[in-house]
Amino acid sequence: MTSPLLPIYARADLSFEKGEGPWLFGRDGERYLDFGAGVAVNALGHAHPHLVKALTEQASKLWHTSNLYQIPEGERLARRLVENTFADVVVFSNSGAEANEAAIKMARKYHSANGHPERFRIITFEGAFHGRTLATIAAGGQAKYLEGFGPKVEGFDQVPFGDLDALKAAIGPETAALLIEPIQGESGIRPVPNAFMRALRDLCDQHGLLLIFDEIQTGVGRTGKLFAYEWTGITPDIMSIAKGIGGGFPLGACLATSEAAKGMTPGTHGTTFGGNPLAMAVGNAVLDVILEPGFLQHVERVGLLLKQRLAELMDRHPAVVAEVRGLGLMMGLRTHVPNTEFINIARKEKIILIGAGDNVTRLLPPLIISDADVAEALNRLDAACAAIEAELKNAAQRGAAE
Ligand SMILES: *Cc1c(COP(=O)(O)O)cnc(C)c1O
């Protein structure tokens, strides 16, 4: 029977019944080690007792009131985000793309409020991914996502990744902001060097531009800091987050300094669902765990362990693994075989991985993984590499026999 779901995803023939920590239980009766975490979403793994409690307690009290009334749990989550970042204010959303939309609108409105409505253009970087709304596909600039959807939303200019001269040349009298992921996720775990980040901050200060970080994938502990910008020595003016902050519940946010947000006065922006009590309860519960003393140190330590083990994997299987890169628990393996094949074979070894550009396979495990989980992952990755080597050898022998 054909599926009534719009076929926009090439879904694997696999579904899951339940999850527990870093484990997923498939309807095929198998247990899978989840090193994808729903694309960096399930930051605390599956069915984390503290999250389950927060959601179910809130669910029995109040789901939705609208943003026409005070939402104390939202005030609390916003305050905690502000206290732990560069930001002064927060606006919630239901997804990453919406958080970026808020960031884009805020940057344009800032210049408009300063008497420069002509400054609306935003510079982004090749390989970027910022979401799938009309504005965010224009921001991402990837032809495969823009194709067939009419004229690209006006106001986005793109420069090559890491090209400071091209960036300088692209800044003009209409430029409002720069938008960048501290580590590009979808295009293959490409970290932006700290020196380049500092140069971006200097350029923004020099030209009166706002610096926007898309930390939708890198944020909420993923790299071993609460936010990846903390590694760089600089701060943005605006930052979008999502994915990990909801731990699996749809939740995003746009954070900003009060200066950058000064154009966003009552009535300028809004959302029906954003910041609803259910999402706020879960967001606070996620922060309870991530802000616990020692949690981020755990992520940093286990991330280093994983990176070291992956480097050893590459040494053992040089015909399969070409490169290991990433930070914290946001790791990428570039392989000599197509990443789709690598991921399929890894799934046969009961480990879930995620594809990315540049033939990279992403490892984005829940942040709660233990050393034993890393060891288990490596056993499975070793088995996957061995299976691929066996196939390569068979193919070579068939080739020789012909
Ligand atoms: C996932 C992602 C988005 C889009 O988030 P959605 O919730 O799918 O809209 C935007 N930017 C980055 C860096 C992402 O990883």
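All of the numbers you see were taken from the coordinates with simple rules; none came from a lab. In this text the structure is predicted, and so the values were computed from the model without any measurement. So basically every Cβ, Gly included, is an ideal-geometry build from the backbone, and we count neighbours across all protein chains shown.
Annotation: peptides 389-401, 218-230, ranked by per-residue average of other Cβ atoms within 10 Å with the highest first, follow the order 218-230, 389-401. Excluding same-chain neighbours fewer than eight residues apart, the aspartates and glutamates reachable from LYS144 by a Cα-Cα span under 14 Å are GLU126, GLU186. Build a GNM of the chain with springs between Cα atoms under 10 Å apart, and of ALA97, ALA372, ALA242 the one that fluctuates most is ALA372.
Measuring nothing but how far apart in sequence close Cα pairs (under 8 Å, 6+ apart) lie, relative to its length, the chain scores a relative contact order of 22 percent. Only helical runs count toward this figure. For the chain, summing -39,500 (n - 2.57) over DSSP H runs of n ≥ 4 and dividing by all residues gives -12000 deg cm²/dmol at 222 nm. Both the radius of gyration and Dmax for region 208-331 are 17.8, 59 Å, in that order, over alpha-carbon atoms.
Measuring between their Cα centroids, region 14-64 and region 246-287 lie 22 Å from each other.
Which pairs in the list LYS350/LYS393; LYS152/LYS307; LYS18/LYS243; LYS53/LYS348 are over 29 Å apart, alpha-carbon to alpha-carbon? Can you show the working numbers first?
Numbers: LYS350/LYS393 23 Å; LYS152/LYS307 39 Å; LYS18/LYS243 20 Å; LYS53/LYS348 34 Å.
Among LYS350/LYS393; LYS152/LYS307; LYS18/LYS243; LYS53/LYS348, the Cα-Cα distance tops 29 Å for LYS152/LYS307; LYS53/LYS348.
For the chain, the longest principal axis of the Cα atoms and the long axis of helix 49-59 meet at an angle of about 50 degrees. Sorted largest first, the spans of the alpha carbon positions of region 42-112 along the three principal axes are 45, 30, 24 Å.
Treating each Cα of region 1-82 as an identical point scatterer and summing with the Debye formula, the log10 of I(q)/I(0) at q = 0.16, 0.23, 0.24 Å⁻¹ comes to -0.90, -1.12, -1.16. Across region 99-238, the relative contact order, built from alpha-carbon pairs under 8 Å that are at least six residues apart, equals 22 percent. Sorting 313-326, 171-184 by average packing, meaning the other beta carbons within 10 Å per residue, from highest down gives 171-184, 313-326. Checking every one of the trypsin sites (Lys or Arg not before Pro) in region 76-142 against DSSP loop status and a limit of 14 other Cβ atoms within 10 Å picks out ARG132.
Quick check: Cα centre of region 336-367 to Cα centre of region 139-196, how many Å? Their Cα centres are 26 Å away from one another. Extension gain for GLN70-ASP202 works out to 43.7 nm (0.36 nm per residue, less the C-alpha to C-alpha distance). The calculated pair-distance distribution of the chain uses every alpha carbon pair, bins of 10 angstrom beginning at 0, and gives 5, 22, 31, 26, 13, 3, 1, 0 percent.
How high is the relative contact order of region 304-402, given as a whole-number percent (alpha carbon pairs under 8 Å, six or more residues apart)? Each step should come with its number before you reach the end.
Values: 122 pairs, mean separation 25.6, N = 99.
After rounding, I find 26 percent.
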